[in-house]
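Following: one structure in structure tokens, then a few remarks.
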Amino acid sequence: MKRQLAIWVTIAALVSMGLSACSSSSDGLPSASTVTVSEWIVQPKPAEVKNGQVKITADNVGSEEHELLVFRGSKADLPLKPNGAVDEDAAEENVVGEISGIAAGSTKSKTFDLELVGEYTIFCNIEHEAVTGMDDGSDTDYVSHYKNGMVSSLTVSANN
Ligand SMILES: [Cu+2]
């Protein structure tokens, strides 16, 4: 009798170990990500979320206004203009949405429909003349936040 109980306990332990070993690494993925934006970074935490409605909170810790576009595809898929900034007209069909006008020091949230799994690219595409520079027609006074590095990837995975 005692021996039989011990066997059952052992089996139960093995089964539960097996179940946890089988569970996918994407189990329990969050449906939200906080993205730190600044000059010149875009840093999502976490960088992997569960597909569906995903709340993105942009936290601008920098000293300039920023924006955050959510593009379905990898960075290599982004169409660029001759000056190296993203061509938003050409990218439009794969832009899921955007958080615009994130003032320096502020936080702004929005929920996006990220039902399709895969790689997404989040970036800031603000372009302007350098504040202190004089425009002499050269490139030197032109600032592209995207070119300066405000881009990162966000992976959308299915829970299974
Ligand atoms: Cu920016």
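The values are calculated or read from the model by the stated rules, or taken from the named source; none is laboratory data. Everything quoted here is computed from the prediction, not taken from an experiment. Cβ placement follows ideal geometry from the backbone for every residue including glycine, while neighbour counts extend to all protein chains displayed.
When segment 103-160 is filtered for residues that are at pLDDT 95 or above, of a type in the set (A, V, I, L, M) and either under 23 Å from residue 64 (Cβ atoms) or part of a strand (DSSP E or B) (or both), the ones remaining, listed by number, are 103, 104, 114, 122, 126, 150, 151, 154, 156. Scanning segment 111-131 for residues that are more than 16 Å from the ligand (Cβ to nearest atom) and farther than 16 Å from residue 47 by Cβ returns 111, 113, 115, 116.
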